[in-house]
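Derivation of every value follows stated rules applied to the coordinates shown; laboratory data play no part. Model, not experiment: these values are computed from the prediction. Virtual Cβ from ideal backbone geometry, glycine too; neighbours counted across all protein chains shown.
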Amino acid sequence: MNEKSILDYETVELDIDNNALVIIDQTKLPGKIEIISLKTGQEIWDAIYLLKVRGAPAIGVAAAMGLYVLAAQIDTDDNDLFFEKLRENRDFLNSARPTAVNLSWALNRMYRLAESMENEPVSAIVEALKQEAIKIKEEDIAVCKAIGENGLTLVKPGDGILTHCNAGQLATCKYGTATAPIYLGYERGYNFKVFADETRPLLQGARLTAFELHSAGVDVTLICDNMSATVMKQGKINAVFVGCDRVAANGDTANKIGTSVVATVANYYNVPVYICAPTSTIDLDTATGAEIKIEQRPDSEVTEMWYKERMAPEGVKVFNPAFDVTDHNLIAGIVTENGIAYEPYTESLREMVMKVKGK
Ligand code: MRU
């Protein structure tokens, strides 16, 4: 009998019977696949902050489901009181991480739906929130598949693809964003050679991307973050595919720290850099990357986390931004579910977003 692979587990799930948010604890991967059930606001907030669930789209789905779980616990028939508590929960979950716009996107979408029913019974509003959270997850799967189809038009069988961090199934509900063309290509016999950056300091590339691609049978090679120039110089890379946490209106893109290094090196070696982004990650209210808030994380992630013993001198200064911004002029295209946006991004990104609104 075949053993269950990591891809057979749901990244994020709603346990309706027990009113809980269920996730894979990604901090334990790849050593242990542990499924955890979250019921309180603090548990859900911690899971997002501590990266038990991470990756922009997965954070959005988890927050939507989490908001429903909390809404179902609000014990009142009074609409004013219900909305006061709902807003409290929304704002609390939204404070867990600042950079991925999908967090506020999903929470605001849930809240707006509730608001549109403000005079209906609380029980009806709660039921609608449940359905909306389920819909956000279903949409994520369809969106990722469409990103995969669009991304696949940019590469050919046998190509070498480099990716950074984890924009895989573990960062979404299925397929991933940057990995979607890789999974679809794999199903169709494209034989891609994938190179996964380990992604210091939290090793999402080593622990998650290498794990899920290897489990799927994809030809994946793990490299350290400082090896991208070597593989590009050796002609092993035909395209870079990465995910993102927020795309500004001008195409500047925030993604895991180190993405802009890869993009700068890729431009030197004439390797195209494609950003894979659901339209929910495009933030037209943010004009340029300079306005994107970059999350700063604890020093211990750099000095000791994942090591058996501390690997840096006690008391040394540490700088640990979790994301960086890749300038739009380093990006060859932004692959969305509605097509591929090219320069000038101020126009093409708006078009991609309008296609959703016009649906
Ligand atoms: O800190 P993380 O692990 O949440 O960072 C994740 C990334 O940077 C991903 O590339 C991004 O969220 C896109 S996921 C499809």
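Counting other C-beta atoms within 10 Å, which of 200, 188 has the fewest, and how do the rest follow?
Working: 200 18, 188 10.
So the ranking, lowest neighbour count to highest, is 188, 200.
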Inset, instruction - Determine the relative contact order of the chain: mean sequence separation of Cα pairs under 8 Å and six or more apart, normalised by residue count, in whole percent. - result: 15
Legend entry - Computed lengthening from residue 224 to residue 123, 0.36 nm per intervening residue step minus Cα-Cα distance: 31.2 nm
Inset, instruction - Whole Å is fine, so just give me how far the alpha carbon centre of the range 225-241 lies from that of the range 142-210. - result: 15
Inset, instruction - For every helix of n ≥ 4 consecutive DSSP H residues, a contribution of -39,500 (n - 2.57) applies; sum these over the chain, divide by its total residues, and give [θ] at 222 nm rounded to the nearest 500 deg cm²/dmol. - result: -11500 deg cm²/dmol
Legend entry - Charge dipole magnitude, Cβ of K and R +1, D and E -1 - the range 262-345, Cα centre, debye nearest 20: 220
Inset, instruction - Per residue of the range 77-93, in order, report the coupling 6.51 cos²θ - 1.76 cosθ + 1.60 (Karplus, θ = phi - 60°) as ³J(HN,Hα) in whole Hz, putting x for Gly and Pro. - result: 9, 8, 4, 4, 5, 4, 5, 4, 5, 4, 5, 4, 5, 4, 5, 5, 5
Inset, instruction - Have a look at 205, 170, 226 and report the one farthest towards the positive end of the charge dipole of the chain, computed about the Cα centre with Cβ charges (Lys/Arg +1, Asp/Glu -1). - result: 226
Legend entry - Cβ-based charge dipole, the chain, positive-most Cα from 36, 70, 249: 249
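At most 10 other C-beta atoms within 10 Å and a DSSP loop state: those are the exposed GluC sites (Glu not before Pro) I care about. Give me the longest piece of the chain that has none.
Values: sites that count: 3, 309, 314.
The reported range is 4-308.
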Inset, instruction - Determine the equivalent ellipsoid of the chain by diagonalising the alpha-carbon gyration tensor, then write out the semi-axes as square roots of 5 times the eigenvalues, largest first, rounded to whole Å. - result: 33, 23, 20
Legend entry - Degrees separating the helix 101-115 axis from the principal Cα axis of the chain, which is the longest one: 20
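If the only charges are +1 at each Lys and Arg Cβ and -1 at each Asp and Glu Cβ, what is the size of the charge dipole of the range 173-217 around the Cα centre, to the nearest 20 debye?
Working: 5 positive and 4 negative charges, 7 e Å.
Magnitude of the dipole: close to 40 debye.
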Inset, instruction - Round to the nearest 10 and give me the degree value, 0 to 90, for the angle of helix 56-71's Cα axis relative to the longest principal axis of the chain. - result: 10
Inset, instruction - Using a 10 angstrom cutoff on alpha carbons, build the Gaussian network for the chain and name the most mobile of 95, 228, 104. - result: 95
Legend entry - Using alpha-carbon coordinates, inclination of helix 259-268 to the longest axis of the chain, degrees: 30
Legend entry - Computed magnitude of the charge dipole of the chain (debye, nearest 20; Cβ of K, R +1, Cβ of D, E -1): 1160
